[in-house]
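A.B. asks: Please find one structure pasted underneath; my questions will follow.
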Amino acid sequence: MNKDFPILKQKINGKNLVYLDSAATSLKPKQVIEAVADCCRSYLANVHRGIYQLSEKSTQEYESVRGKVAKLINASPDEVIFTKNTTEAINLVAKVWGEANITKGSKIILSVMEHHSNLVPWQELMRQQVTGNRQQRVVLDINDKGELDLSDLDNKLKGVSLVAITHVSNVLGTINPVKEITQKAHQVGALVLVDGAQAVPHMKVDVKKLGCDFYVFSGHKMLGPSGVGVLWVKKEIADKLPPFLTGGGMVSEVTLEKTSFAEAPHKFEAGTPNIEGVIGLGAAIDYLQKLGMDKVRQHEKALTEYALKKLSKIDGLTIYGPKEEEKRGGIIAFNLAGIHPHDVASLLDKDGIAVRAGFHCAMPVHQRLGINGSTRVSFYIYNSMEDIDKLVQSLEKIKRKLSFRVK
Amino acid sequence: MTEEGTMDLTQEIILQHGRLSPYKGKLENPTVKVKLENPLCGDSLRVDIRIVKDQVVDACFSGEGCLISQAAASLLVGEILRVKNLNKIKKFNEETVFKLLGISLTLSRTQCALLSLRALKKAFKIIP
(Lines give C-alpha, C1' and ligand atoms only; values in the text may rest on other atoms or scores of the structure.)
Protein backbone atom coordinates (compact mmCIF):
# COMPACT_ATOMS: atom_id res chain seq x y z
CA MET A 1 0.00 0.00 0.00
CA ASN A 2 2.82 2.44 0.86
CA LYS A 3 3.75 2.58 -2.81
CA ASP A 4 0.53 4.55 -3.28
CA PHE A 5 1.95 7.39 -1.14
CA PRO A 6 4.70 9.18 -3.10
CA ILE A 7 5.73 11.36 -0.14
CA LEU A 8 6.93 8.28 1.75
CA LYS A 9 9.67 7.72 -0.84
CA GLN A 10 11.72 10.63 0.38
CA LYS A 11 14.46 10.68 2.97
CA ILE A 12 14.45 13.06 5.92
CA ASN A 13 17.92 13.66 7.35
CA GLY A 14 19.07 10.60 5.43
CA LYS A 15 16.41 8.36 7.01
CA ASN A 16 13.23 6.94 5.53
CA LEU A 17 10.30 9.17 6.50
CA VAL A 18 8.18 7.77 9.31
CA TYR A 19 5.00 9.85 9.31
CA LEU A 20 3.21 9.81 12.67
CA ASP A 21 1.19 13.02 12.42
CA SER A 22 -1.95 11.96 10.57
CA ALA A 23 -4.18 13.49 13.23
CA ALA A 24 -2.88 16.85 11.96
CA THR A 25 -3.20 15.94 8.30
CA SER A 26 -2.97 12.73 6.35
CA LEU A 27 -0.68 11.88 3.46
CA LYS A 28 -2.23 11.71 -0.01
CA PRO A 29 -2.24 8.62 -2.21
CA LYS A 30 -1.42 8.97 -5.91
CA GLN A 31 -5.07 8.16 -6.73
CA VAL A 32 -6.12 11.41 -5.04
CA ILE A 33 -3.26 13.43 -6.52
CA GLU A 34 -4.14 12.03 -9.97
CA ALA A 35 -7.86 12.79 -9.58
CA VAL A 36 -7.11 16.44 -8.75
CA ALA A 37 -4.57 16.71 -11.56
CA ASP A 38 -6.91 15.00 -14.03
CA CYS A 39 -9.74 17.34 -13.10
CA CYS A 40 -7.55 20.41 -13.66
CA ARG A 41 -6.00 18.92 -16.77
CA SER A 42 -9.06 17.66 -18.60
CA TYR A 43 -12.45 18.98 -17.51
CA LEU A 44 -12.39 21.66 -14.78
CA ALA A 45 -14.97 24.39 -15.33
CA ASN A 46 -17.23 26.20 -12.88
CA VAL A 47 -20.06 24.15 -11.40
CA HIS A 48 -23.80 24.87 -11.51
CA ARG A 49 -23.19 27.74 -13.92
CA GLY A 50 -22.37 26.59 -17.44
CA ILE A 51 -24.47 25.06 -20.18
CA TYR A 52 -21.42 23.75 -22.04
CA GLN A 53 -20.05 20.23 -21.77
CA LEU A 54 -17.11 20.85 -19.43
CA SER A 55 -19.25 22.65 -16.89
CA GLU A 56 -21.82 19.87 -17.02
CA LYS A 57 -19.08 17.28 -16.46
CA SER A 58 -17.57 19.29 -13.56
CA THR A 59 -20.99 19.70 -11.97
CA GLN A 60 -21.69 16.00 -12.34
CA GLU A 61 -18.36 14.98 -10.78
CA TYR A 62 -18.69 17.57 -7.99
CA GLU A 63 -22.21 16.48 -7.11
CA SER A 64 -21.29 12.80 -7.29
CA VAL A 65 -18.85 13.42 -4.41
CA ARG A 66 -21.76 14.72 -2.33
CA GLY A 67 -23.29 11.31 -2.93
CA LYS A 68 -20.08 9.53 -1.94
CA VAL A 69 -19.85 11.52 1.30
CA ALA A 70 -23.50 10.76 2.04
CA LYS A 71 -22.96 7.05 1.48
CA LEU A 72 -19.85 7.04 3.66
CA ILE A 73 -21.72 8.39 6.70
CA ASN A 74 -25.15 6.93 5.82
CA ALA A 75 -26.84 10.23 5.06
CA SER A 76 -28.80 11.73 2.22
CA PRO A 77 -26.83 13.81 -0.35
CA ASP A 78 -28.90 16.96 0.18
CA GLU A 79 -27.85 16.92 3.84
CA VAL A 80 -24.15 17.20 2.91
CA ILE A 81 -22.72 20.73 2.85
CA PHE A 82 -19.18 21.37 1.62
CA THR A 83 -17.17 23.82 3.72
CA LYS A 84 -13.52 24.81 3.91
CA ASN A 85 -12.80 22.51 6.86
CA THR A 86 -14.18 21.31 10.21
CA THR A 87 -13.56 24.71 11.77
CA GLU A 88 -15.64 26.50 9.15
CA ALA A 89 -18.39 23.89 9.47
CA ILE A 90 -18.65 24.54 13.23
CA ASN A 91 -18.54 28.30 12.71
CA LEU A 92 -21.35 27.92 10.18
CA VAL A 93 -23.54 26.16 12.75
CA ALA A 94 -22.60 28.67 15.46
CA LYS A 95 -23.66 31.48 13.16
CA VAL A 96 -26.77 30.25 11.35
CA TRP A 97 -28.21 28.02 14.06
CA GLY A 98 -26.56 29.64 17.09
CA GLU A 99 -27.53 33.24 16.48
CA ALA A 100 -31.19 32.25 16.12
CA ASN A 101 -31.32 29.79 18.99
CA ILE A 102 -28.81 30.84 21.63
CA THR A 103 -30.30 33.67 23.59
CA LYS A 104 -30.12 34.90 27.14
CA GLY A 105 -30.41 31.94 29.48
CA SER A 106 -29.46 29.35 26.87
CA LYS A 107 -27.00 26.69 27.91
CA ILE A 108 -24.39 24.83 25.86
CA ILE A 109 -22.54 21.70 26.98
CA LEU A 110 -18.95 21.18 25.87
CA SER A 111 -16.19 18.91 27.12
CA VAL A 112 -12.76 19.71 28.49
CA MET A 113 -11.21 17.63 25.68
CA GLU A 114 -12.54 19.78 22.81
CA HIS A 115 -10.26 21.00 20.05
CA HIS A 116 -10.17 24.81 19.97
CA SER A 117 -12.34 24.65 16.84
CA ASN A 118 -15.21 23.20 18.87
CA LEU A 119 -14.71 25.62 21.75
CA VAL A 120 -13.82 29.09 20.49
CA PRO A 121 -16.84 29.48 18.13
CA TRP A 122 -19.19 28.71 21.05
CA GLN A 123 -17.33 31.05 23.39
CA GLU A 124 -17.60 33.79 20.79
CA LEU A 125 -21.26 33.09 20.11
CA MET A 126 -22.10 33.33 23.80
CA ARG A 127 -19.99 36.43 24.23
CA GLN A 128 -21.94 38.13 21.45
CA GLN A 129 -25.37 36.82 22.32
CA VAL A 130 -25.53 37.05 26.07
CA THR A 131 -23.88 38.76 28.95
CA GLY A 132 -22.50 36.88 31.93
CA ASN A 133 -21.85 33.85 29.77
CA ARG A 134 -19.88 31.89 32.34
CA GLN A 135 -22.95 30.31 33.85
CA GLN A 136 -24.21 29.38 30.40
CA ARG A 137 -21.42 27.04 29.43
CA VAL A 138 -21.40 23.64 31.09
CA VAL A 139 -18.19 21.67 30.76
CA LEU A 140 -17.98 17.90 30.89
CA ASP A 141 -14.84 16.83 32.75
CA ILE A 142 -12.73 13.69 32.27
CA ASN A 143 -11.96 10.98 34.81
CA ASP A 144 -8.53 9.56 35.67
CA LYS A 145 -8.71 7.20 32.70
CA GLY A 146 -9.13 10.09 30.26
CA GLU A 147 -12.76 9.22 29.56
CA LEU A 148 -15.66 11.67 29.74
CA ASP A 149 -17.18 11.88 33.19
CA LEU A 150 -20.88 11.41 32.46
CA SER A 151 -21.95 10.65 36.02
CA ASP A 152 -23.89 13.89 36.37
CA LEU A 153 -25.02 14.20 32.76
CA ASP A 154 -28.79 14.09 33.41
CA ASN A 155 -28.48 16.96 35.82
CA LYS A 156 -26.16 18.95 33.60
CA LEU A 157 -28.49 18.54 30.61
CA LYS A 158 -31.33 20.46 32.28
CA GLY A 159 -32.17 23.52 30.21
CA VAL A 160 -29.47 22.85 27.61
CA SER A 161 -29.97 23.90 23.96
CA LEU A 162 -26.89 22.34 22.41
CA VAL A 163 -24.30 19.67 23.17
CA ALA A 164 -21.08 20.18 21.17
CA ILE A 165 -18.82 17.20 21.62
CA THR A 166 -15.89 15.53 19.90
CA HIS A 167 -16.32 11.97 18.63
CA VAL A 168 -12.65 11.12 19.16
CA SER A 169 -10.27 13.29 21.21
CA ASN A 170 -7.29 14.57 19.24
CA VAL A 171 -5.12 14.40 22.37
CA LEU A 172 -6.35 11.54 24.55
CA GLY A 173 -7.58 9.43 21.64
CA THR A 174 -10.72 8.67 23.66
CA ILE A 175 -13.73 7.50 21.63
CA ASN A 176 -16.72 9.18 23.23
CA PRO A 177 -20.16 7.53 23.57
CA VAL A 178 -21.86 10.11 21.36
CA LYS A 179 -24.86 7.89 20.68
CA GLU A 180 -25.71 7.65 24.39
CA ILE A 181 -25.06 11.35 24.93
CA THR A 182 -27.32 12.19 21.96
CA GLN A 183 -30.18 10.03 23.29
CA LYS A 184 -30.05 11.80 26.64
CA ALA A 185 -29.71 15.23 25.05
CA HIS A 186 -32.74 14.65 22.84
CA GLN A 187 -34.82 13.70 25.87
CA VAL A 188 -34.46 17.29 27.10
CA GLY A 189 -34.86 18.77 23.61
CA ALA A 190 -31.21 19.72 23.10
CA LEU A 191 -29.52 19.37 19.72
CA VAL A 192 -26.16 17.64 19.35
CA LEU A 193 -23.16 18.63 17.22
CA VAL A 194 -20.44 16.02 16.87
CA ASP A 195 -16.89 16.94 15.82
CA GLY A 196 -15.89 13.93 13.75
CA ALA A 197 -12.54 15.21 12.45
CA GLN A 198 -10.67 12.35 14.17
CA ALA A 199 -13.39 9.74 13.63
CA VAL A 200 -14.59 9.68 9.99
CA PRO A 201 -11.09 9.06 8.55
CA HIS A 202 -10.53 6.11 10.89
CA MET A 203 -13.73 4.19 11.53
CA LYS A 204 -17.20 3.49 10.22
CA VAL A 205 -19.47 6.42 11.12
CA ASP A 206 -23.22 6.20 10.69
CA VAL A 207 -24.93 9.50 11.46
CA LYS A 208 -28.35 7.85 11.51
CA LYS A 209 -27.24 5.38 14.18
CA LEU A 210 -25.57 8.12 16.20
CA GLY A 211 -28.76 10.13 15.94
CA CYS A 212 -27.02 13.48 16.26
CA ASP A 213 -28.16 16.67 14.50
CA PHE A 214 -24.90 18.12 13.14
CA TYR A 215 -21.79 16.14 12.21
CA VAL A 216 -18.59 17.78 10.95
CA PHE A 217 -15.25 16.59 9.57
CA SER A 218 -12.34 17.53 7.28
CA GLY A 219 -11.27 15.99 3.99
CA HIS A 220 -7.55 16.57 4.49
CA LYS A 221 -7.37 14.19 7.46
CA MET A 222 -8.84 11.37 5.34
CA LEU A 223 -6.42 11.27 2.37
CA GLY A 224 -8.13 14.19 0.59
CA PRO A 225 -6.73 17.62 -0.31
CA SER A 226 -6.88 20.45 2.23
CA GLY A 227 -9.56 23.11 1.82
CA VAL A 228 -12.60 20.83 1.89
CA GLY A 229 -14.65 20.04 4.95
CA VAL A 230 -18.09 18.57 5.44
CA LEU A 231 -21.04 19.68 7.49
CA TRP A 232 -23.84 17.20 7.72
CA VAL A 233 -27.12 18.64 8.98
CA LYS A 234 -30.40 16.78 9.44
CA LYS A 235 -32.69 17.78 6.59
CA GLU A 236 -35.53 19.15 8.73
CA ILE A 237 -33.07 21.38 10.59
CA ALA A 238 -31.22 22.55 7.47
CA ASP A 239 -34.45 23.59 5.75
CA LYS A 240 -35.28 25.99 8.56
CA LEU A 241 -31.87 27.62 8.79
CA PRO A 242 -30.97 30.95 7.18
CA PRO A 243 -28.05 31.01 4.72
CA PHE A 244 -24.42 31.38 5.85
CA LEU A 245 -22.38 33.50 3.44
CA THR A 246 -24.36 35.17 0.70
CA GLY A 247 -23.59 35.84 -2.94
CA GLY A 248 -23.47 33.74 -6.08
CA GLY A 249 -24.51 30.13 -6.31
CA MET A 250 -26.81 30.16 -3.28
CA VAL A 251 -29.79 32.02 -4.73
CA SER A 252 -32.91 31.20 -6.69
CA GLU A 253 -33.91 34.72 -7.74
CA VAL A 254 -32.22 38.06 -7.32
CA THR A 255 -33.52 41.55 -8.06
CA LEU A 256 -31.79 44.75 -7.02
CA GLU A 257 -34.14 44.91 -4.05
CA LYS A 258 -34.30 41.39 -2.73
CA THR A 259 -33.19 37.79 -3.07
CA SER A 260 -34.76 34.42 -2.55
CA PHE A 261 -32.37 31.71 -1.53
CA ALA A 262 -31.72 28.26 -2.94
CA GLU A 263 -32.58 25.11 -1.01
CA ALA A 264 -30.11 23.29 1.26
CA PRO A 265 -27.33 22.36 0.71
CA HIS A 266 -26.73 25.06 -1.92
CA LYS A 267 -27.90 27.93 0.26
CA PHE A 268 -24.86 27.24 2.48
CA GLU A 269 -22.34 27.14 -0.38
CA ALA A 270 -21.99 30.70 -1.64
CA GLY A 271 -19.39 31.47 -4.28
CA THR A 272 -17.36 29.11 -6.45
CA PRO A 273 -16.52 26.13 -4.26
CA ASN A 274 -13.22 24.25 -4.05
CA ILE A 275 -14.11 22.09 -7.06
CA GLU A 276 -10.82 20.22 -7.49
CA GLY A 277 -10.60 19.76 -3.72
CA VAL A 278 -14.04 18.14 -3.65
CA ILE A 279 -13.07 15.91 -6.61
CA GLY A 280 -9.97 14.90 -4.64
CA LEU A 281 -12.09 14.08 -1.59
CA GLY A 282 -14.20 11.85 -3.82
CA ALA A 283 -11.09 9.88 -4.83
CA ALA A 284 -10.05 9.68 -1.17
CA ILE A 285 -13.42 8.21 -0.20
CA ASP A 286 -13.15 5.69 -3.07
CA TYR A 287 -9.73 4.69 -1.75
CA LEU A 288 -10.98 4.25 1.82
CA GLN A 289 -14.14 2.41 0.77
CA LYS A 290 -12.08 0.00 -1.31
CA LEU A 291 -10.03 -0.81 1.79
CA GLY A 292 -13.14 -0.90 3.96
CA MET A 293 -13.54 1.31 7.03
CA ASP A 294 -13.65 -1.75 9.30
CA LYS A 295 -10.24 -2.84 7.99
CA VAL A 296 -8.88 0.68 8.54
CA ARG A 297 -10.07 0.61 12.13
CA GLN A 298 -8.70 -2.90 12.69
CA HIS A 299 -5.27 -1.92 11.36
CA GLU A 300 -5.09 1.18 13.55
CA LYS A 301 -6.32 -0.72 16.59
CA ALA A 302 -3.52 -3.26 16.16
CA LEU A 303 -0.95 -0.46 15.79
CA THR A 304 -2.32 1.33 18.85
CA GLU A 305 -2.25 -1.84 20.95
CA TYR A 306 1.36 -2.49 19.92
CA ALA A 307 2.40 1.14 20.50
CA LEU A 308 0.74 1.32 23.92
CA LYS A 309 2.55 -1.86 24.94
CA LYS A 310 5.95 -0.71 23.65
CA LEU A 311 5.72 2.89 24.84
CA SER A 312 4.60 1.94 28.35
CA LYS A 313 7.84 -0.03 28.73
CA ILE A 314 9.93 3.14 28.35
CA ASP A 315 10.96 4.26 31.81
CA GLY A 316 9.79 7.81 32.59
CA LEU A 317 7.26 7.94 29.76
CA THR A 318 3.69 8.94 30.66
CA ILE A 319 0.84 8.12 28.29
CA TYR A 320 -2.38 10.16 28.47
CA GLY A 321 -5.84 8.75 27.79
CA PRO A 322 -7.42 5.28 28.05
CA LYS A 323 -5.10 2.30 28.39
CA GLU A 324 -7.22 -0.03 26.23
CA GLU A 325 -6.96 0.23 22.45
CA GLU A 326 -10.69 -0.51 21.89
CA LYS A 327 -11.53 2.67 23.80
CA ARG A 328 -9.34 4.90 21.69
CA GLY A 329 -8.45 5.91 18.16
CA GLY A 330 -4.92 5.75 16.76
CA ILE A 331 -3.70 8.77 18.71
CA ILE A 332 -1.23 8.64 21.59
CA ALA A 333 -0.02 11.73 23.45
CA PHE A 334 2.80 11.30 25.95
CA ASN A 335 5.61 13.00 27.82
CA LEU A 336 9.15 11.90 28.64
CA ALA A 337 10.03 12.99 32.17
CA GLY A 338 12.17 16.11 32.24
CA ILE A 339 12.30 16.55 28.46
CA HIS A 340 10.33 19.29 26.71
CA PRO A 341 7.96 18.02 23.96
CA HIS A 342 9.54 20.37 21.40
CA ASP A 343 12.96 18.88 22.08
CA VAL A 344 11.55 15.36 21.72
CA ALA A 345 9.97 16.31 18.38
CA SER A 346 13.14 18.01 17.10
CA LEU A 347 15.25 14.96 17.89
CA LEU A 348 12.70 12.53 16.44
CA ASP A 349 12.80 14.65 13.28
CA LYS A 350 16.56 14.03 13.13
CA ASP A 351 15.66 10.36 12.75
CA GLY A 352 13.09 11.15 10.06
CA ILE A 353 10.14 10.66 12.42
CA ALA A 354 7.39 13.29 12.12
CA VAL A 355 5.28 13.87 15.25
CA ARG A 356 3.32 16.74 16.76
CA ALA A 357 4.50 18.60 19.88
CA GLY A 358 2.80 21.25 21.94
CA PHE A 359 -0.90 21.66 22.70
CA HIS A 360 -2.36 20.21 19.47
CA CYS A 361 -4.95 23.04 19.43
CA ALA A 362 -6.37 21.73 22.71
CA MET A 363 -4.98 23.80 25.55
CA PRO A 364 -7.78 23.19 28.07
CA VAL A 365 -7.23 19.43 28.21
CA HIS A 366 -3.51 20.00 28.81
CA GLN A 367 -4.33 22.43 31.62
CA ARG A 368 -6.71 19.79 33.01
CA LEU A 369 -3.88 17.21 32.95
CA GLY A 370 -1.56 19.77 34.55
CA ILE A 371 1.00 19.62 31.75
CA ASN A 372 2.60 22.26 29.57
CA GLY A 373 2.23 20.39 26.29
CA SER A 374 2.80 16.84 25.08
CA THR A 375 4.29 14.88 22.21
CA ARG A 376 1.69 13.16 20.04
CA VAL A 377 1.94 10.28 17.61
CA SER A 378 -1.00 9.35 15.41
CA PHE A 379 -1.44 6.49 12.98
CA TYR A 380 -3.11 5.82 9.66
CA ILE A 381 -3.34 3.13 7.01
CA TYR A 382 0.24 3.60 5.77
CA ASN A 383 1.84 3.06 9.18
CA SER A 384 3.37 -0.23 10.28
CA MET A 385 4.65 -1.95 13.42
CA GLU A 386 8.14 -1.16 12.11
CA ASP A 387 7.34 2.56 12.35
CA ILE A 388 6.54 2.08 16.03
CA ASP A 389 9.77 0.13 16.57
CA LYS A 390 11.70 3.02 15.02
CA LEU A 391 9.84 5.50 17.24
CA VAL A 392 10.62 3.52 20.40
CA GLN A 393 14.27 3.11 19.39
CA SER A 394 14.60 6.84 18.74
CA LEU A 395 12.88 7.74 22.02
CA GLU A 396 15.28 5.48 23.94
CA LYS A 397 18.19 7.23 22.21
CA ILE A 398 16.79 10.68 23.08
CA LYS A 399 16.43 9.63 26.69
CA ARG A 400 20.06 8.48 26.79
CA LYS A 401 21.31 11.68 25.16
CA LEU A 402 19.31 14.02 27.35
CA SER A 403 19.54 12.16 30.62
CA PHE A 404 20.79 14.61 33.19
CA ARG A 405 24.56 14.87 33.36
CA VAL A 406 26.32 16.89 36.01
CA LYS A 407 30.05 17.34 35.55
CA MET B 1 23.11 17.74 9.59
CA THR B 2 22.26 14.11 9.35
CA GLU B 3 24.03 11.68 11.60
CA GLU B 4 24.82 11.62 15.27
CA GLY B 5 27.85 13.61 16.26
CA THR B 6 26.92 16.60 14.13
CA MET B 7 25.69 19.78 15.70
CA ASP B 8 22.23 19.48 17.15
CA LEU B 9 20.47 20.29 20.35
CA THR B 10 22.31 17.54 22.19
CA GLN B 11 25.52 19.58 21.78
CA GLU B 12 27.28 19.85 25.12
CA ILE B 13 27.02 23.66 25.15
CA ILE B 14 23.24 23.50 24.64
CA LEU B 15 22.84 20.83 27.30
CA GLN B 16 24.97 22.72 29.82
CA HIS B 17 23.32 26.08 29.30
CA GLY B 18 19.87 24.65 28.74
CA ARG B 19 19.83 22.54 31.88
CA LEU B 20 22.45 23.88 34.27
CA SER B 21 22.68 27.54 33.42
CA PRO B 22 24.92 29.60 35.69
CA TYR B 23 22.69 32.58 34.94
CA LYS B 24 19.37 31.23 36.09
CA GLY B 25 17.63 33.11 38.87
CA LYS B 26 15.99 36.38 39.83
CA LEU B 27 17.58 39.69 40.90
CA GLU B 28 16.71 41.42 44.15
CA ASN B 29 16.52 44.93 42.73
CA PRO B 30 16.51 44.77 38.94
CA THR B 31 16.47 48.03 37.00
CA VAL B 32 14.20 46.25 34.60
CA LYS B 33 12.47 42.87 34.45
CA VAL B 34 10.55 41.58 31.46
CA LYS B 35 8.41 38.49 31.02
CA LEU B 36 7.47 37.07 27.63
CA GLU B 37 5.59 34.03 26.41
CA ASN B 38 6.03 31.94 23.29
CA PRO B 39 2.52 31.66 21.87
CA LEU B 40 3.43 28.48 20.02
CA CYS B 41 4.20 26.41 23.10
CA GLY B 42 3.24 28.58 26.06
CA ASP B 43 6.78 28.61 27.43
CA SER B 44 7.53 31.67 29.49
CA LEU B 45 10.77 33.49 30.11
CA ARG B 46 11.75 36.32 32.41
CA VAL B 47 14.90 38.42 32.08
CA ASP B 48 16.16 40.61 34.95
CA ILE B 49 18.82 43.28 34.42
CA ARG B 50 20.49 45.73 36.81
CA ILE B 51 22.06 48.78 35.18
CA VAL B 52 24.30 51.46 36.64
CA LYS B 53 25.37 54.37 34.44
CA ASP B 54 24.81 52.63 31.12
CA GLN B 55 26.67 49.54 32.30
CA VAL B 56 25.04 46.22 33.05
CA VAL B 57 26.16 45.17 36.50
CA ASP B 58 24.04 42.04 36.81
CA ALA B 59 21.59 39.98 34.75
CA CYS B 60 19.83 36.65 34.92
CA PHE B 61 16.81 34.80 33.56
CA SER B 62 14.07 32.50 34.85
CA GLY B 63 11.14 30.47 33.54
CA GLU B 64 10.42 27.09 32.07
CA GLY B 65 10.93 25.98 28.51
CA CYS B 66 12.59 23.73 25.98
CA LEU B 67 16.33 23.25 25.72
CA ILE B 68 16.65 25.73 22.86
CA SER B 69 14.85 28.60 24.61
CA GLN B 70 16.63 27.94 27.91
CA ALA B 71 20.08 27.61 26.32
CA ALA B 72 19.59 30.69 24.14
CA ALA B 73 18.52 32.71 27.20
CA SER B 74 21.51 31.52 29.21
CA LEU B 75 23.99 32.22 26.42
CA LEU B 76 22.45 35.64 25.78
CA VAL B 77 22.62 36.61 29.46
CA GLY B 78 26.24 35.42 29.49
CA GLU B 79 26.96 37.66 26.51
CA ILE B 80 25.22 40.62 28.16
CA LEU B 81 27.41 40.17 31.23
CA ARG B 82 30.53 39.92 29.06
CA VAL B 83 29.78 42.99 26.96
CA LYS B 84 28.32 45.14 29.79
CA ASN B 85 28.08 48.31 27.68
CA LEU B 86 24.40 49.09 27.22
CA ASN B 87 24.75 50.74 23.82
CA LYS B 88 26.56 47.70 22.47
CA ILE B 89 23.96 45.35 23.98
CA LYS B 90 21.21 47.36 22.32
CA LYS B 91 22.71 46.31 18.99
CA PHE B 92 22.29 42.57 19.72
CA ASN B 93 20.19 40.98 16.99
CA GLU B 94 19.01 37.59 15.77
CA GLU B 95 22.46 36.83 14.37
CA THR B 96 23.95 37.34 17.84
CA VAL B 97 21.71 34.60 19.22
CA PHE B 98 22.27 32.21 16.30
CA LYS B 99 26.05 32.63 16.61
CA LEU B 100 25.95 31.98 20.34
CA LEU B 101 23.89 28.81 19.86
CA GLY B 102 26.01 27.63 16.94
CA ILE B 103 23.48 25.10 15.66
CA SER B 104 21.12 25.31 12.74
CA LEU B 105 17.47 25.77 13.64
CA THR B 106 14.27 24.91 11.84
CA LEU B 107 11.72 27.69 11.34
CA SER B 108 9.57 26.74 14.34
CA ARG B 109 12.56 26.31 16.67
CA THR B 110 13.81 29.78 15.70
CA GLN B 111 10.92 31.16 17.76
CA CYS B 112 12.18 29.24 20.82
CA ALA B 113 15.69 30.62 20.31
CA LEU B 114 14.59 34.24 19.94
CA LEU B 115 12.28 34.42 22.97
CA SER B 116 15.06 35.82 25.21
CA LEU B 117 16.15 38.35 22.58
CA ARG B 118 12.56 39.54 22.26
CA ALA B 119 12.44 39.92 26.04
CA LEU B 120 15.68 41.90 25.94
CA LYS B 121 14.35 44.21 23.21
CA LYS B 122 11.21 44.78 25.24
CA ALA B 123 13.36 45.60 28.27
CA PHE B 124 15.16 48.34 26.35
CA LYS B 125 11.85 50.02 25.68
CA ILE B 126 11.19 50.19 29.42
CA ILE B 127 14.65 51.31 30.59
CA PRO B 128 14.45 54.97 31.55
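A.B. asks: Return one number: the angle in degrees, 0 to 90 and rounded to the nearest 10, between the long axis of the Cα atoms of helix A:53-72 and the longest principal axis of the Cα atoms of chain A.
C.D. replies: 60 degrees
A.B. asks: Give me the inter-chain shielding for B:10-20: mean count of other chain Cβ atoms within 10 Å, whole number please.
C.D. replies: Averaged over the peptide's residues, the number is 3.
A.B. asks: Rounded to the nearest percent, how much of the accessible area of segment B:3-126 (1.4 Å probe, protein heavy atoms only) is carbon and sulfur?
C.D. replies: Summing carbon and sulfur atoms, their accessible area is 51 percent of the total for segment B:3-126.
A.B. asks: So for segment A:363-407, Kirkwood radius off the Cα pairs, Stokes-Einstein at 20 °C and 1.002 mPa s: how many µm² s⁻¹?
C.D. replies: 161 µm²/s
A.B. asks: Below 15 angstrom from the Cβ of A:Lys158, what's the summed charge of the other residues (Lys, Arg +1; Asp, Glu -1)?
C.D. replies: Net charge around A:Lys158: +2.
A.B. asks: For the protein assembly as shown, what size does the Cα cloud have along each of its three principal axes, sorted from largest down, in whole Å?
C.D. replies: The principal-axis extents, from largest down, are 75, 55, 52 Å.
A.B. asks: Give me the three principal axis extents of segment A:204-273 from the C-alpha atoms, as integers in angstrom, largest value leading.
C.D. replies: Principal axes ranked by extent give 46, 29, 12 Å for the Cα atoms.
A.B. asks: Another one. Take peptide A:347-355, look around each residue's Cβ out to 10 angstrom, count Cβ atoms belonging to other protein chains, and average those counts.
C.D. replies: Per-residue shielding by partner chains comes out at 2.
A.B. asks: Restricting to DSSP H runs of at least four residues, report the calculated mean residue ellipticity at 222 nm for chain A, -39500 (n - 2.57) per run over all residues, nearest 500 deg cm²/dmol.
C.D. replies: -11000 deg cm²/dmol, from helical runs alone.
A.B. asks: Rounded to the nearest Å, what's the spacing between the alpha carbon centres of segment A:138-186 and segment B:101-128? Just the number, please.
C.D. replies: Using only Cα atoms to place each centre, the spacing works out to 42 Å.
A.B. asks: Take the Cβ-Cβ distance between A:Asn74 and A:Met385 as r, set R0 to 30 Å, and report the resulting FRET efficiency rounded to the nearest 0.05.
C.D. replies: 0.40
A.B. asks: By how many degrees, 0 to 90 and rounded to 10, does the Cα axis of helix A:293-311 deviate from the longest principal axis of chain A?
C.D. replies: The helix A:293-311 is inclined about 30 degrees to chain A.
A.B. asks: Still on this structure, I have one more. Of A:Lys156/A:Lys240; A:Lys9/A:Lys68; A:Lys84/A:Lys221; A:Lys30/A:Lys290, which pairs sit farther than 19 Å apart, going by alpha carbon to alpha carbon?
C.D. replies: A:Lys156/A:Lys240; A:Lys9/A:Lys68
A.B. asks: Quantify how strongly other chains surround peptide A:392-399 by giving the mean number of their Cβ atoms within 10 Å of each of its Cβ atoms.
C.D. replies: Averaged over the peptide's residues, the number is 0.
A.B. asks: For segment B:3-126, what does the alpha-carbon gyration tensor say about shape, rounded, prolate or oblate, given a ≥ b ≥ c as the root eigenvalues, a/c under 1.5 as rounded, and a/b over b/c as prolate?
C.D. replies: prolate
A.B. asks: Next question. Quick query: amide H of B:Ala59 versus all other amide H atoms, modeled in the peptide plane; which residues come in under 5 Å with a sequence gap of 5 or more or a different chain?
C.D. replies: Under 5 Å from the amide H of B:Ala59: B:Arg50.
A.B. asks: Can you compute the modelled spin-label distance between A:Ala37 and A:Ser403, with each label point 7 Å from Cα toward Cβ, in nm?
C.D. replies: 4.9 nm
A.B. asks: Take the Cα atoms of segment A:259-308, build their convex hull, and give its volume per residue in Å³.
C.D. replies: Spelled out: Cα convex hull of segment A:259-308, divided by residues, is 131 Å³.
A.B. asks: Now, a different point. So what's the net charge close to A:Glu63: Lys and Arg +1, Asp and Glu -1, counting the other residues with Cβ under 15 Å from its Cβ?
C.D. replies: Here the count lands on -2.
A.B. asks: What Kirkwood hydrodynamic radius, in Å, does segment A:1-137 give when the mean of 1/r is taken over all pairs of distinct Cα atoms and then inverted?
C.D. replies: So the Kirkwood estimate lands at 19.1 Å.
A.B. asks: Using a 1.4 Å probe on the protein heavy atoms only, what accessible surface does A:His167 show? Give it in Å² to the nearest 10.
C.D. replies: Per-residue accessible area (A:His167): approximately 10 Å².
A.B. asks: Moving on. Rank these residues by their accessible area, most exposed first, probe 1.4 Å: A:Leu291, A:Leu231, B:Leu40.
C.D. replies: Largest accessible area first, the list is B:Leu40, A:Leu291, A:Leu231.
A.B. asks: Same structure, new question: What is the helix-to-structure angle for A:120-129, meaning the angle in degrees between its Cα long axis and the longest Cα principal axis of chain A, kept from 0 to 90 and rounded to the nearest 10?
C.D. replies: Taking the Cα atoms of chain A, the angle to A:120-129 is about 50 degrees.
A.B. asks: Take the Cα radius of gyration of segment A:267-383 and divide it by 2.2 N^0.38 Å, with N its residue count; two decimals is plenty.
C.D. replies: 1.32
The values are calculated or read from the model by the stated rules, or taken from the named source; none is laboratory data. Predicted model, so just to flag it, every value in this text is computed and none were measured. Cβ atoms come from the backbone with ideal geometry, glycine included; neighbour counts cover every protein chain shown. SASA here: full protein model, heavy atoms, side chains in, ligands and nucleic acids out. Shrake-Rupley method; radii C 1.70, N 1.55, O 1.52, S 1.80 Å.
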